[in-house]
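A.B. asks: Below you will find the structure I want to go over with you.
Values quoted throughout were computed directly from the atomic coordinates according to the rules given, and no laboratory measurement underlies them. Quantities reported herein were computed from a predicted structural model and do not represent experimental measurements. Ideal geometry is used to build each Cβ from the backbone, glycine not excepted, and the neighbour counts take in all protein chains shown.
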Amino acid sequence: MALSSSRARNLVGGTTSSRARGTPSRKAAGEVVPTTESPALAAEIVARLRARRDERNIAGQARYGIRSATEQCGIPAPVLRALARQHRRDHSLALALWPCGVHDARVLATLIADPRQLTRRQAEQWVRDCDNWAQTDSLAFLVDRTGFAEAVAHAWSRRRSEFVKRTGFAVMAGMAVHRKELPDEVFLRMLPVITREAADDRNFVKKAVNWALRQIGKRNPRLCRAAMAEARRIFHLDSRAARWIAADALRELARR
């Protein structure tokens with residue numbers, strides 16, 4: 001649903017922009033840590049999220065597979081995006097929001113974090129906490145803009161955890177959409193990885209594998225041909241998941 005700026009301000013009680021509350025402090029090696037102001041602002045935002053808890057929205061999200069072991073408030077994605085615009089690139093606030101143990105606050109953290117300040121160690125901590133596709137995909141769209149995106153996409157694609165592995169392929173899909181400057185070779189290196197994991201029949205993994213394959217194929221004609229050739233190889237694997245991944249990708253890419 002659409003959200004006016006006034007309603008977004010109401011969600012956080014009209015708080016001032018976190019940029020006015022201080023400059024993020026840093027650990028060694030340039031890693032950002034929350035400022036003394038950030039935890040207080042994070043607690044204020046979480047309190048406002050809890051005040052807008054909506055059981056009907058929580059049930060609706062569950063029907064689409066968004067279920068978290070952490071507290072869930074059912075805040076719609078457009079509301080979170082509108083709130084994130086008020087605190088955009090406040091990496092210190094993002095780091096303070098994530099440990100709050102609230103699903104909606106974690107998604108918000110990925111929306112306001114700064115990919116230039118995100119470290120691989122922080123990304124590893126966050127991805128291990130993800131327990132649903134809304135968190136993984138939002139995190140992937142942050143990580144795909146980092147300098148270590150390709151490395152973690154390959155690394156996470158080998159992990160056993162369903163949601164870590166999903167994030168790896170979601171990063172690949174995100175890179176294919178967002179990283180216009182990257183050469184084709186980056187994505188050609190991903191195709192054998194997609195084939196390697198295509199037999200994983202877990203729902204959230206196979207959908208992400210398919211997503212990555214389709215998005216790579218949509219980048220340009222050369223990658224489309226390469227992705228379709230890879231899909232044909234995947235189709236002949238002895239796996240129902242692989243055949244679904246391949247058939248769906250071929251159907252979509254053939255229309256381009």
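A.B. asks: Quick check: the angle from helix 162-178's long axis to the longest principal axis of the chain, C-alpha only, nearest 10 degrees?
C.D. replies: Relative to the chain, helix 162-178 is tipped by roughly 90 degrees.
A.B. asks: Related question: Just the Cα atoms of the stretch 55-117, one point each, no solvent: what log10 I(q)/I(0) does Debye give at q = 0.14 Å⁻¹?
C.D. replies: Treating every Cα as an identical point scatterer, log10 I(q)/I(0) equals -0.40.
A.B. asks: Before anything else, pin down the relative contact order of the stretch 120-256: Cα pairs under 8 Å, at least 6 apart, normalised by residue count, whole percent.
C.D. replies: 20
A.B. asks: Which residue fluctuates the most in the chain, going by a Gaussian network model with Cα springs under 10 Å, if the choices are Arg214, Arg225, Arg106?
C.D. replies: Arg225
A.B. asks: A further question follows. Tell me, what does the Kirkwood hydrodynamic radius of the chain come to in angstroms if you use every pair of distinct C-alpha atoms?
C.D. replies: So the Kirkwood estimate lands at 19.1 Å.
A.B. asks: For the chain, modelled as a GNM with alpha-carbon contacts under 10 angstrom, which of Val107, Val79, Val171 fluctuates the most?
C.D. replies: Fluctuation is largest for Val79.
A.B. asks: For Arg202, enumerate residues with amide H under 5 Å from its amide H, sequence gap 5+ or separate chain, H modeled in the peptide plane.
C.D. replies: It is none; the list stays empty.
A.B. asks: Quick check for me: using +1 on Lys/Arg Cβ and -1 on Asp/Glu Cβ, what's the dipole size of the chain about its Cα centre, in debye to the nearest 20?
C.D. replies: Once rounded to the nearest 20, the dipole reads 560 debye.
A.B. asks: Test of understanding: express the Cα radius of gyration of the stretch 172-253 as a ratio to 2.2 N^0.38 Å, with N the residue count.
C.D. replies: Working it through for the stretch 172-253, the quotient is 0.98.
A.B. asks: Restricting to lysines 8 or more places apart or on different chains, can you count the pairs in the chain with Cα atoms under 28 Å from each other?
C.D. replies: 9
A.B. asks: Any chance you could get the radius of gyration and Dmax over the Cα atoms of the stretch 120-256, in Å?
C.D. replies: In Å, with Rg to one decimal and Dmax whole: 13.7, 40.
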